[in-house]
Amino acid sequence: MTEMIADVSKYLMILLAAMYTYWNFRYFGAAGEKKRILCTRQNRLMFLLHFLAYGVMFLKTENWRLPVFYGVQAVFFLCYLFLYRKLYRNRSDILVNNVCFLLCVGFIILTRLSFEKSVRQFVLVVFGAAVTLVIPFIIDHAWQLSRIPWVYGLLGLALLWIVYRSGHESYGAQLSLSVGGISLQPSEFVKISFVFFAAAMFYRSTGRRQVLAVTAVAALGSALIFFVTWVFMVFAATSSRRYLGLGILGGGLASVAAWFLFSHVRVRVMAWRDPWADIDNRGYQITQSLFAVGTGGWFGMGLYQGLPGKIPVVEKDFVFSAVSEEMGALFALCVVLICLGCFIQFMMIACEMQAMFYKLIAVGLGTMYISQVFLTVGGATRFIPSTGVTLPFVSVGGSSVLSTFIMFSVIQGMYILKRNEEEEDRYETDC
C-alpha cells in the first residue's frame with residue numbers, strides 16, 4: 001500500500017508543480033484582482049505539495065520527527081506570507097510565493113537526503129527571513145543609498161581580504177571561513193556589495209574612468225558570476241556594444257588564463273570533457289549526477305526510491321540531480337522555470353524603475369541570480385563544467401540562503417517603492 005501511494009504521489013507532485021508554474025506565467029499577463037486570485041491558488045498548491053511530500057516520506061520511514069518538522073515548516077510559511085501582507089501593502093505577491101515554493105522544494109529534498117542538515121537549514125532560513133524582512137522598508141525610505149559607492153566597494157574588498165587571509169580551501173578554491181563553528185562564505189555577500197557599488201558608480205557617470213574603476217573591482221572578485229554581472233551592468237548603463245564585445249573577449253581570455261593558472265580549473269574542465277575516462281576519480285561526481293538524472297527520467301523514481309546520496313556534495317552543488325532522480329525531470333524543469341520567472345520579474349522591475357541607480361541594481365541582481373541558476377543546472381547536467389555553485393533557496397548553505405533573501409528583499413523593496421510612488425501620483429492627480 002505504501003509503495004502504491006508513493007508511486008501515485010510522484011505524479012501528483014509533478015501535476016501540482018506544473019499547475020503552480022503555469023499560474024506563475026499567467027500572472028504576468030493578468031491584472032488587478034486576477035493577480036491576487038492566481039497567487040492564492042499558488043499558495044494552496046504549494047501547501048498541498050508540501051503536505052503530500054512529507055506524508056510520503058513519513059510513510060516510507062515511519063520517522064515521527066517528520067510530522068513535527070513538517071508542522072513547524074508550515075507555520076513558518078504561513079507566518080512569512082502573513083507578515084509580508086501585513087507589513088507591505090504594495091508588495092509583489094508572486095515574488096513572495098516563489099521564495100516559499102523554492103524553499104519548500106529545498107526542504108523536501110534536503111529532508112530526504114539528511115534530516116539533520118534539513119533542520120539546520122531550516123533554522124538558517126528562519127533567521128534569514130526574519131533579518132531581511134526589514135530590507136524593503138529600508139529601500140523604500142532610504143534616499144542616500146546611491147551616494148556611498150565606496151562604502152560598498154570597501155566592504156566587498158574587506159570581505160575578500162578576510163577570506164584571503166583566513167579562508168579555508170574547498171575543492172581548489174579559497175571560499176569559506178569559520179566563525180564560532182559556523183562556516184561562512186563572504187563571497188556570497190561580496191556579490192551584492194559589488195552590484196550596489198557598480199550601480200552607484202554608474203549612477204554618477206558612465207564615462208571611461210568610471211567603467212575602469214568598476215572593472216578593477218570586478219577583476220578582484222575574479223569569479224565568473226562577477227564577470228557576467230559586470231558585462232550586463234556596463235551594457236545596461238552605457239548601451240555600448242563595444243563594452244559588451246570587449247567584455248565577452250576579456251571573458252574568453254580570462255578562461256584561457258584560468259586553465260593555465262589554476263589546477264582545480266583544469267581538473268573540472270577535464271572531468272567535464274570526458275568524465276568516463278576517470279570515472280573512479282575526477283569524473284566520479286559528474287557521472288553519478290548523470291546517472292541520477294538519467295535514472296529518474298521524466299517522472300522520477302519517487303521519494304526514497306533512488307540513490308541520490310551516491311553523488312558527492314549532492315545537497316550543495318548537485319541538488320538539482322537529486323530532484324531530477326526522485327521527483328522527475330518534469331518537476332525539476334518546473335523548478336528551473338520558476339527561477340526563470342523570478343528573473344523575468346527582476347527585469348520587469350528594472351524596466352519600471354526611472355532612477356538609473358535602482359534600474360542597475362535590479363539588472364545586476366537579476367543577472368547574478370539567473371547566472372547562479374544556470375551554472376548549477378548546467379554543471380549538474382554536464383552542459384558546462386561544474387563550478388561549485390549552489391541552487392538559490394534549494395541547496396543547503398547558510399550564506400547562500402541569506403544572500404538570496406537579501407537579493408529578493410532588495411527587489412521587493414524597489415517594487416514597493418515604485419507602487420508607492422504611483423499611488424502618490426494618483427492621489428495628487430485626484431486632488
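The values are calculated or read from the model by the stated rules, or taken from the named source; none is laboratory data. Keep in mind that what you see is a predicted model, and the values were worked out from it rather than measured. All Cβ positions, glycine included, derive from the backbone under ideal geometry; neighbour counts span all protein chains shown. The accessibility values were calculated without ligands, DNA or RNA, using every heavy atom of the protein model including side chains. Shrake-Rupley method; radii C 1.70, N 1.55, O 1.52, S 1.80 Å.
Brief remarks on what is shown
- Restricting the stretch 54-102 to residues that are of a type in the set (S, T, Y) and modelled with pLDDT of 90 or more, the residue that is farthest from D140 (Cα to Cα) is Y54.
- Selection from the stretch 340-374 of residues that are of a type in the set (A, V, I, L, M, F, W, C), more than 23 Å from R419 (Cα to Cα) and buried (at least 24 other Cβ atoms within 10 Å of the Cβ): M368
- For the stretch 274-293, a residue qualifies if it is touching a residue at least 60 places away in the same chain (Cβ under 8 Å) and not β-branched (V, I, T), and the qualifying residues are P275, Q285, S289, L290.
- Flag for V265 being modelled with pLDDT of 75 or more and hydrophobic (A, V, I, L, M, F, W, C): no
- Whichever residue in the stretch 385-416 is open to solvent by 10 Å² or more (accessible area, probe 1.4 Å) and assigned to a loop (DSSP other than H, G, I, E, B) and, among such residues, is farthest from V105 (Cα to Cα): P385
- Among the residues listed as F320, F291, F299, F260, the single one being within 27 Å of Q42 (Cβ to Cβ) and open to solvent by 60 Å² or more (accessible area, probe 1.4 Å): F299
- The residues in the stretch 284-339 that are in a helix (DSSP H, G or I) and either touching a strand residue (DSSP E or B) at 6+ places or on another chain (Cβ under 8 Å) or among the hydrophobic types (A, V, I, L, M, F, W, C) (or both) can be counted, and the count is 21.
- Counting the residues of the stretch 376-426 that are of a type in the set (V, I, T) and closer than 19 Å to V123 by Cβ gives 6.
- Scanning the stretch 197-213 for residues that are open to solvent by 20 Å² or more (accessible area, probe 1.4 Å) and either of a type in the set (G, A, S) or in contact (Cβ under 8 Å) with a residue 24 or more places away in the chain (or both) yields Y203, R204, S205, T206, G207, A213.
- Condition broken by R41, with the remaining ones in (1) open to solvent by less than 10 Å² (accessible area, probe 1.4 Å); (2) within 28 Å of F346 (Cα to Cα) satisfied: (1)
- The stretch 52-70: number of residues that are under 20 Å from C100 (Cα atoms) and loosely packed, with under 15 Cβ neighbours inside 10 Å: 2
- Of the residues making up the stretch 1-20, those that are farther than 18 Å from G296 by Cβ and in contact (Cβ under 8 Å) with a residue 40 or more places away in the chain are T2, I5, Y20.
- Scanning the stretch 8-38 for residues that are under 30 Å from G306 (Cα atoms), open to solvent by 70 Å² or more (accessible area, probe 1.4 Å) and more than 25 Å from the chain's Cα centre (by Cα) returns V8, Y11, L12.
- D425 passes every criterion in (1) open to solvent by less than 20 Å² (accessible area, probe 1.4 Å); (2) outside any loop (DSSP other than H, G, I, E, B); (3) not β-branched (V, I, T) apart from (1).
- Set L333, L337: member being surrounded by fewer than 24 Cβ atoms within 10 Å (Cβ to Cβ), touching a residue at least 40 places away in the same chain (Cβ under 8 Å) and more than 18 Å from M407 (Cα to Cα): L337
- Only one of the listed residues (A332, A292) is farther than 16 Å from F374 by Cα and out of contact with any Lys or Arg (no Cβ under 6 Å at 6 or more places or on another chain). That residue is A292.
- Every condition in (1) touching a residue at least 24 places away in the same chain (Cβ under 8 Å); (2) more than 24 Å from S400 (Cα to Cα) is met by L95 except one, and the failing one is (2).
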